[in-house]
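Heads up, the thing below is written out as structure tokens.
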Amino acid sequence: MKHPRDLTLAEMVASIREKDLTSTEIIESCLEAVDLHEKTLNAFISLDREKVLSQSRMIDGAGKKTDESFLCGAPVGVKDLIDVSGERTTSGSSFFKNAAAASTDANVIRTLKKNGAVLFGKTNLHEFAWGGTTENPHFGNCKNPWNPGHSPGGSSGGSAAAVASRMVPAALGTDTLGSIRIPSSFCGIVGLKPTYGLVPTTGVFPLGYTFDHVGPMARTTADARLLFNAMIDRNRRQRLEQKAESTRPTRPAGKGSRRLQGLKIGFLAALVPEQSCHETVYRQFRLAFDFAADEGAQIVEEKFPGMDMALFVGYIMTLAQAAEIHHERLAVDPKGFGDDVRELLESGHFIGAVDYIRAQRVRAKLVLEAKALMKRVDAWILPTTPTPASSIGGPVDANLAMFTGPINVLGFPAVALPSGLTEDRLPVSIQIIAGPFDEYLLLEIARVFEDRFVFPKDPPDWVKTHPA
Amino acid sequence: MKRRDFVRMFAEFQNISMDRETAEKLLAPGRMWDQLDFIKAALFQIDVSGFTPADDLDYFQGDRK
């Protein structure tokens, strides 16, 4: 039997518009999924059922949906790093476990409310978003819906687990060195890190101001686009539409044709050492280029000298910025942090101004190189993570952010897209990167790959077999 | 002066407390101190002549609110 919660976000919105379902019926179905799975997955830090239902009843009662109400009362999870008025923002930290409720909405939440979203709980995360596993000592470890013995990735692990397990069709994540895309990769969903600055970060607790992004996480590229559009105002959407119309000589055509005809896709072999990747990750990464060529794209072998330094730049600047942000807390109550986060914050204090300035200058050089690359290609592809989800409590791949972190340093948009399953049935993912403000092109390209990769449309195995 | 003591002294200079155990953990071979040393050295191998520091990217020209 298909439940309303099994619908994609786009299908939910269409069902509400067509009056086949109400927002409240969808919310109730999602709450049933929470009853089934939350005890095991621990994807939410807080979820006030009455508050969620009152939002849906209000939207249902309002009747006529305006054009602005893109989401018509469909539910969206919110990473608990983002302020929602009247709700506590814990940032996954002991310091804010009993904090007062936020008095105002983050900018992105205000826009989402205006666009008809029902805010469906605050999702679990790695403490202060400073880590890639969502193993959280203060609120409990979040689990991966494909195998609860494994990490969902992080830091937006709760959002990814909630979406993959169908507790909610889509959710907000934040991404400083990969925190949307890493959990999207581990949980087999789509995650978009937009162009730096495009989605406002006002009201979002910072990790590293220079690299922080807010973005959508969903099960399909169409849903990621729908939520992304609901996160930004009309001016920004128009700007992106104008860019999409004006800068591409050939648009990807409709389904069934060579949909990437006229596009140049970059293959930067030197950035992806085979020995650093799980065999399925690498095989599916290479397969993406076969698909691209088959769809009419021109594959262009490219180089990006110095790109191997980008992650170092990301680490130096994020370590220092995070250390400054948490300086007083670290001085007063160092034991209030989990061991891993405390070590990172202490280390940040040992980055000198000289090192920081050098990192900024290297960054300036890398951004220039990247802009030059984007004059030669329309998009390029990397794996999202070099390995699939790690075991909870087990060793974490030291290179986890090797493909995601560099893109934050550039500020370019990137989308993580499921590309297959390992023999152990854990998801792997490719990452597609485009130039600033090319989100729509990026998602169109991703949609073509989504059609080509054989990734299960059904819920994860554990969710399917979990007793009702 | 032992590196461990230097690290603790520097931490004190930065107004954060650091016990001996933490300092030793940071300094253990292959751990954070070594990694930072490696990263810093690598960044200083890059020729950045002609480039000034880039902090906030200007893609959105300040319109981020």
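The values are calculated or read from the model by the stated rules, or taken from the named source; none is laboratory data. This structure is a prediction, so every number in the text was calculated from the model and none was measured. Neighbour counts run over all protein chains shown; Cβ positions are idealised from the backbone, glycine included. With ligands, DNA and RNA removed, areas are computed over all heavy atoms of the protein, side chains included. Shrake-Rupley method; radii C 1.70, N 1.55, O 1.52, S 1.80 Å.
Name all residues of segment A:115-150 having a backbone nitrogen under 20 Å from the label point set 7 Å from the Cα of A:ASP458 along its Cα→Cβ direction, giving them as ranges.
A:144-149
In nm, to one decimal, how far is the A:ARG425 label point from the A:VAL300 one, both placed 7 Å along Cα→Cβ?
Label-label distance for A:ARG425 and A:VAL300, simple model: 4.2 nm.
When the helices in chain A are scored as -39500 (n - 2.57) per DSSP H run of 4 or longer and the sum is shared across all residues, what 222 nm value do you end up with, to the nearest 500 deg cm²/dmol?
About -12500 deg cm²/dmol.
Ordering A:ARG181, A:ARG258 by how much accessible area each has at a 1.4 Å probe, largest first, what is the list?
So, going from the largest accessible area down, we get A:ARG258, A:ARG181.
Can you sort A:VAL396, A:VAL332 by 1.4 Å-probe accessible area, starting with the largest?
The ranking, largest first, comes out as A:VAL332, A:VAL396.
Averaged over its residues, how many other protein chain Cβ atoms are within 10 Å of peptide B:31-44's Cβ atoms?
Shielding by partners across B:31-44 averages 5.
Arrange the residues A:ASP378, A:ASP294, A:ASP461 by how much accessible surface each exposes, largest first, with a 1.4 angstrom probe.
Accessible-area ranking of A:ASP378, A:ASP294, A:ASP461, largest first: A:ASP294, A:ASP461, A:ASP378.
Please find the FRET efficiency linking B:LYS25 to A:ALA101, where r is the Cβ-Cβ separation and R0 is fixed at 30 Å, and quote it to the nearest 0.05.
Efficiency for this residue pair is about 0.25.
Measuring from label point to label point, each 7 Å out along Cα→Cβ, what is the A:LEU287 to A:SER85 span in nm?
4.8
Rounded to whole Å and sorted largest first, list the principal axis extents of the Cα atoms in the protein assembly as shown.
Extents along the principal axes, in whole Å: 75, 53, 46.
Determine by what factor the alpha-carbon radius of gyration of segment A:102-205 differs from 2.2 N^0.38 Å, reporting the quotient.
For segment A:102-205, the normalised Cα radius of gyration comes out at 1.03.
Mind computing the radius of gyration and Dmax over the alpha-carbon atoms of segment A:312-468? Å is fine for both.
19.4, 58
Going by the alpha-carbon gyration tensor, a ≥ b ≥ c the square roots of its eigenvalues, is segment A:385-468 rounded (a/c under 1.5) or, if a/c is not under 1.5, prolate (a/b greater than b/c) versus oblate?
It comes out oblate by the Cα gyration axes.
Identify all lysines with a Cα-Cα distance to B:LYS40 below 19 Å; exclude those on the same chain that are fewer than 8 residues away in sequence.
A:LYS365
Would you check the accessible area of A:MET167, probe 1.4 Å, heavy atoms only, in square angstrom rounded to 10?
0
Taking amide H positions as placed 1.01 Å from N in the peptide plane, with prolines and chain starts having none, which residues 5 or more places from A:PHE44, or on another chain, fall under 5 Å of its amide H?
A:ASN124
So what is the relative contact order of chain A, in percent, for Cα pairs below 8 Å that sit 6 or more residues apart?
17
Would you mind giving the mean number of other chain beta-carbons within 10 Å of the Cβ of each residue in A:190-199, as a whole number?
Taking all residues of A:190-199 together, the mean is 2.
State the percent of C-alpha pairs, over all pairs in segment A:327-417, separated by a distance greater than 15 angstrom.
Value for segment A:327-417: 74 percent of Cα pairs lie more than 15 Å apart.
Restricting things to alpha carbons, tell me how big segment A:191-234 is in terms of Rg and Dmax, in Å.
My reading of the Cα-based Rg and Dmax gives 10.8, 29 Å.
Rounded to the nearest 0.05, what FRET efficiency do A:SER246 and A:ARG17 have when you use their Cβ-Cβ distance and R0 = 51 Å?
0.95
Would you count, across segment A:64-177, every pair of lysines whose alpha carbons are under 24 angstrom apart, provided the pair is eight or more residues apart or spans two chains?
14
Using only alpha carbons, build the gyration tensor for segment A:1-76 and give me the equivalent ellipsoid semi-axes, biggest first, whole Å.
For segment A:1-76, the semi-axes come out at 22, 14, 10 Å.
Ratio of alpha-carbon Rg to the 2.2 N^0.38 Å globular estimate for segment A:3-126, to two decimals, please.
This ratio for segment A:3-126 stands at 1.06.
Less than 20 Å apart at the alpha-carbon level, and either on another chain or at least 8 residues along: which lysines does that give for A:LYS2?
Leaving aside lysines fewer than 8 places away in the same chain, those within reach of A:LYS2 are A:LYS19, A:LYS457, A:LYS464.
Net charge around A:LEU345, counting only other residues with Cβ within less than 14 Å of its Cβ (Lys, Arg = +1; Asp, Glu = -1)?
Local charge sum for A:LEU345: -4.
Calculate, for segment A:293-449, the solvent-accessible area per residue in square angstrom, rolling a 1.4 angstrom probe over the heavy atoms of the protein chains.
Accessible area per residue, segment A:293-449: 31 Å².
Could you work out, residue by residue across A:350-359, how many beta carbons of other chains sit within 10 Å of that residue's beta carbon, and then give the average as an integer?
Going residue by residue through A:350-359 and averaging, the value is 4.
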